[in-house]
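The values are calculated or read from the model by the stated rules, or taken from the named source; none is laboratory data. In this text, all values refer to a predicted model and were calculated from it rather than measured experimentally. Positions of Cβ are generated from backbone atoms using ideal geometry, with glycine treated the same way; all protein chains shown enter the neighbour counts.
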Amino acid sequence: MRTSRIMAAALLIVGSGLALSAAKAQQAGLQRTDLLQHDLGVPGREAVQVRVDFGPGAVSIKHSHPGEEVAYVLEGSLEYQLEGRAPVTLHAGEALFIPAGVAHVAKNVGSGKASELATYLVQKGTPLVVPVK
């Protein structure tokens, strides 16, 4: 397991090592723990798995990914707002598919901590998290 890292508003996580290319400024209430990075059977693609812990009321930045994401809620309740869609609230044990390049925001809408297991199937060598204005 890799060292726990704090996701920041200006944070870009780059594939092939998940190196931070921006300052590690803390985004209030969010903590990312990198769990797995492994090449897929398709050349140039990799699977990346991350645990994201949300403090009460914590909200991610609006962002997208260079590939698909499967978000699985481990605990608590998270609201996902995918661009062009109505918000959806998931509870522990529920999952959501987020298509490649779709801008989205995740928010802890419960009273306690919430956590998700995010699995990304992405292009290697591209930023994993792309901030969107």
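If only one of Leu90, Leu96, Leu121, Leu82 is at pLDDT 95 or above, in contact with an Asp or Glu (Cβ under 6 Å, 6 or more places away or on another chain) and of a type outside the set (S, T, N, Q), which one is it? So that I can check it myself, show each step before the final result.
Working: Leu90 fails: in contact with an Asp or Glu (Cβ under 6 Å, 6 or more places away or on another chain); Leu96 fails: in contact with an Asp or Glu (Cβ under 6 Å, 6 or more places away or on another chain); Leu82 fails: in contact with an Asp or Glu (Cβ under 6 Å, 6 or more places away or on another chain).
Leu121 is the lone residue from the list that is at pLDDT 95 or above, in contact with an Asp or Glu (Cβ under 6 Å, 6 or more places away or on another chain) and of a type outside the set (S, T, N, Q).
When the residues of segment 47-68 are filtered to those that are aliphatic (A, V, I, L, M) and not in a strand (DSSP E or B), which remaining residue is surrounded by the most Cβ atoms within 10 Å (Cβ to Cβ)? Don't jump to the end; show me each part of the working.
Residues of segment 47-68 that are aliphatic (A, V, I, L, M), as a first pass: 47-48, 50, 52, 58-59, 61.
After this cut, where a residue has to be not in a strand (DSSP E or B) as well, the list is 58, 61.
Values: Ala58: 20, Ile61: 17.
Filtering segment 47-68 for residues that are aliphatic (A, V, I, L, M) and not in a strand (DSSP E or B), the one surrounded by the most Cβ atoms within 10 Å (Cβ to Cβ) comes out as Ala58.
From Ala28, Ala86, Ala100, Ala106, grab the single residue that is in contact with a Leu (Cβ under 6 Å, 6 or more places away or on another chain) and free of Cβ contacts under 8 Å to residues at least 60 places away in the same chain. Working first, answer last.
Numbers: Ala28 fails: in contact with a Leu (Cβ under 6 Å, 6 or more places away or on another chain); Ala86 fails: in contact with a Leu (Cβ under 6 Å, 6 or more places away or on another chain); Ala100 fails: in contact with a Leu (Cβ under 6 Å, 6 or more places away or on another chain).
Every option except Ala106 fails the conditions.
Kindly state which strands (runs of 3 or more DSSP E) lie completely within segment 69-133 and contain at least 2 residues that are more than 29 Å from Leu40 (Cα to Cα) and more than 12 Å from the chain's Cα centre (by Cα). It would help to see each step written out before you state the result.
Details: elements: 77-82, 88-91, 95-98, 104-108, 114-123.
The qualifying strands (runs of 3 or more DSSP E) are 77-82, 88-91.
Any idea how many residues of segment 79-128 are closer than 28 Å to Asp39 by Cα and among the basic types (Lys, Arg)?
Selection size over segment 79-128: 1.
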